[in-house]
1. Quick one: putting +1 on the C-beta of Lys and Arg, -1 on the C-beta of Asp and Glu, what dipole do you get for the stretch 88-301 around its Cα centre, in Debye to the nearest 20?
2. Cα axis of helix 267-284 to longest principal axis of the chain: angle in degrees, 0 to 90, nearest 10?
3. Could you run the Karplus curve 6.51 cos²θ - 1.76 cosθ + 1.60 with θ = phi - 60° over the stretch 5-22 and give me ³J(HN,Hα) per residue in whole Hz, x for Gly and Pro?
4. Per-residue HN-Hα couplings for the stretch 83-99, Karplus 6.51 cos²θ - 1.76 cosθ + 1.60 at θ = phi - 60°, whole Hz, x for Gly and Pro?
5. Before anything else, pin down the relative contact order of the chain: Cα pairs under 8 Å, at least 6 apart, normalised by residue count, whole percent.
6. Between exposed trypsin sites (Lys or Arg not before Pro) in the chain, where DSSP calls loop and at most 13 other Cβ atoms lie within 10 Å, what's the longest gap?
7. Candidates (1) 23.9, 84; (2) 19.3, 67; (3) 22.6, 94; which is the computed Rg and Dmax of the Cα atoms in Å?
8. Do the sum for the chain: with -39,500 (n - 2.57) for every DSSP H run of n ≥ 4, divided by all residues, what is the mean residue ellipticity at 222 nm, to the nearest 500 deg cm²/dmol?
Amino acid sequence: MLIFTLRRLNLFIFTMFLLTLLSFSLSFLFPGEQLINISGQVNATPKQLMVLAEQYQTDNNIAQQYIAYISHLFQGDLGISMASQLSISNEIMSFLPATIELTLVALFIAMIFGIPIGFIAAIKHRKATDNIILTVSMLGYSIPVFWLGLLAILVFSIQLGWLPSAGQLSLVFEIEHVTGIQFIDILLSDSPYKWQAFQDASAHIFLPACVIALAPATIFVRLARTAMMDVLDSQYIRAAKAKGLSFRQIIYHHAIRNAMVHVIRDVGLQFANLVTIAMVTEVIFSWPGIGRWLIESIFQRDHTSIQGGLLALSSFIFIVHIVIDFIYAALNPLARESRNGA
């Protein structure tokens with residue numbers, strides 16, 4: 001396990017090096033002056049620009065400029081937004097929890113529906129049930145998320161009036177901002193209406209989370225189906241059949257447990273796709289997350305926010321991927337071996 005941990009740590013360091021190098025390079029690729037792009041100080045006086053040039057080492061070679069940029073990152077300084085003139089670090093810490101909350105709920109919905117349906121398709125392999133599930137999964141994956149989001153609002157919010165169409169919580173509830181994750185803040189609140197607020201927050205998150213979860217759920221269906229089929233064709237399942245175990249016992253006591261291990265391995269890879277879908281969904285549902293903030297920064301040509309937002313989102317996705325790798329290694333000891341842990 002130590003070698004596996006060191007290998008993942010080296011991978012994390014190398015990936016962060018590439019991410020920071022990309023973020024640093026964007027300041028040269030964006031139009032305008034490189035110093036303003038990297039600091040966001042669009043209204044700086046000539047004296048302030050001289051101080052910034054000294055801090056970012058812009059008069060020195062590229063390597064020294066990159067080291068100066070890294071030192072600012074270690075201090076939590078991502079510059080200030082060109083549009084709002086607020087600290088990008090503070091804005092990221094303000095918007096990122098809402099995105100984490102939305103993506104985790106969407107991931108839970110995708111897994112709780114996609115994985116069991118995939119197992120059913122594998123058990124009913126080459127039967128009508130399997131064909132129907134695969135067809136529906138292909139259709140679900142093909143639906144554009146922006147069209148699905150607008151359709152969901154039209155049907156469930158406007159026509160039926162079942163669910164709210166925008167925001168994170170109704171304005172009638174005043175919940176103190178503690179962690180930024182709405183459900184946790186509501187539970188920590190002393191408000192006498194916190195359970196009503198909890199229900200309201202659940203209603204607000206349900207529709208965008210389902211829209212985000214559709215495409216990953218269809219992928220989980222195929223992953224779970226493939227994993228279950230591989231398990232059912234394995235030698236130990238055949239040995240269990242030879243011992244006289246019923247098909248139900250084989251499925252519940254052996255097949256599901258081993259198939260789940262293989263599905264968990266691919267959760268990290270799907271998380272990046274889920275965050276990408278969430279960025280578009282946040283705009284449609286006016287969800288106060290980092291994806292919506294980043295897209296608005298692109299429209300406003302806020303180059304400093306784009307650099308900081310991409311770095312924060314990419315780092316978050318990669319950290320989640322590493323955590324899932326450790327969960328998979330804990331469940332599957334073979335993944336810790338040198339030939340499998342690369």
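1. Its charge dipole is roughly 1440 debye.
2. On a 0 to 90 degree scale, this one is about 60.
3. Coupling constants for the stretch 5-22: 5, 5, 5, 5, 5, 4, 5, 5, 5, 5, 5, 5, 4, 5, 5, 5, 5, 5 Hz.
4. Calculated HN-Hα couplings, in order: 7, 9, 6, 9, 5, 5, 4, 5, 5, 5, 5, 7, 9, 4, x, 5, 5 Hz.
5. 26 percent
6. With trypsin sites (Lys or Arg not before Pro) excluded where exposed in loops, the chain gives 1-125 as its longest stretch.
7. (1)
8. It comes out at -23500 deg cm²/dmol, rounded to the nearest 500.
Read-outs: derived from the displayed coordinates by stated rules, not from any lab. Predicted model only: the values in this text are computed from it and were never measured. We place every Cβ from the backbone using ideal geometry, glycine too, and count neighbours over all the protein chains shown.
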